[in-house]
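Scroll down for the structure; my scribbles are underneath it.
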Amino acid sequence: MNMQTKRFRLIALCKIGVVLSLLWCWNAWAAESPLELVRLTTEQAVAVLQNLSLKDRPQERAEKFWQITLPRFDTQEIAKRCLGPHWNEITEEQRKEFVQLFVELVKRAYQSTLEHHTSDAQFSFDQERIEGDVAEVDTRILAPSQEKPLSVNYRLHREGDKWLIYDVVAENVSLVRNYRNQFDRILKDSSYEGLVQALKKKIKDQNV
């Protein structure tokens, strides 16, 4: 076997190795249980918030945080549930616009929370309940300033081979229900266009 043949075989083996590694990573992620998904996402996100090299770069830290967490959420499903029956009254183009605005609104709303994250918080992942293609994961967060843990429940559904989060309930307060109530109040006195303008104004105000 000449050197050129050996070189080609080595390159081919390397390529196969890369493909197999990618497939293994994808299958490992796809096979995660709801509890494992929540735990892994939390640990990775907290690692970013606790990264001392990002302490003086809050914008970069926030971007890295959302790069980890957002893919684990079904943002369209969350936005759809927040809009409720009004979702069926708007066009596909308007739906895309609303999802983008809603995601940006949530990111801006939690910016200050990320900036004031405490590295001493303790996370507990208690149990998961799976019924068909839906699941719930119970967790608790204990910060030094709290006397008792904060209960956080994640609600997920299966999309293909993976689980995605579609609601988060903190101390019995649902993120979806909270935003739906806010949007309902606006839509009672306005239109979808009025809601869009209200969201844009709120996002702009949070940037100041």
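The values are calculated or read from the model by the stated rules, or taken from the named source; none is laboratory data. Remember, predicted model here, so these are calculated numbers, not experimental data. Ideal geometry is used to build each Cβ from the backbone, glycine not excepted, and the neighbour counts take in all protein chains shown. Only protein heavy atoms, including side chains, enter the accessible area calculation; ligands, DNA and RNA are left aside. Shrake-Rupley method; radii C 1.70, N 1.55, O 1.52, S 1.80 Å.
A few comments on the model shown:
- Residue in the range 64-74 that is within 30 Å of residue 187 (Cα to Cα), in a helix (DSSP H, G or I) and among the polar types (S, T, N, Q) present: yes
- Residue count, the range 125-146 (criterion: closer than 21 Å to residue 51 by Cα and open to solvent by less than 70 Å² (accessible area, probe 1.4 Å)): 3
- Filter result (open to solvent by 90 Å² or more (accessible area, probe 1.4 Å) and either touching a His at 6+ places or on another chain (Cβ under 8 Å) or of a type in the set (A, V, I, L, M, F, W, C) (or both)) within the range 156-208: 208
- Any chance residue 177 is among the charged types (D, E, K, R) and touching a Cys at 6+ places or on another chain (Cβ under 9 Å): yes
- Among the criteria (1) open to solvent by less than 90 Å² (accessible area, probe 1.4 Å); (2) under 14 Å from residue 199 (Cβ atoms), the one residue 149 does not fulfil is (2).
- Count of the range 114-170 residues which are over 17 Å from residue 44 (Cα atoms) and of a type in the set (Val, Ile, Thr): 6
- Subset tally (residues that are modelled with pLDDT of 90 or more and more than 20 Å from residue 171 (Cα to Cα)) for the range 115-143: 5
- Taken residue by residue, the range 88-102 has at least one member that is modelled with pLDDT of 95 or more, touching a Cys at 6+ places or on another chain (Cβ under 7 Å), farther than 19 Å from residue 120 by Cβ and open to solvent by less than 80 Å² (accessible area, probe 1.4 Å).
- For the range 14-33, the criterion of being at pLDDT 95 or above and open to solvent by 50 Å² or more (accessible area, probe 1.4 Å) is met by no residue.
- Some residue of the range 61-74 being in contact (Cβ under 8 Å) with a residue 12 or more places away in the chain and small (Gly, Ala, Ser): yes
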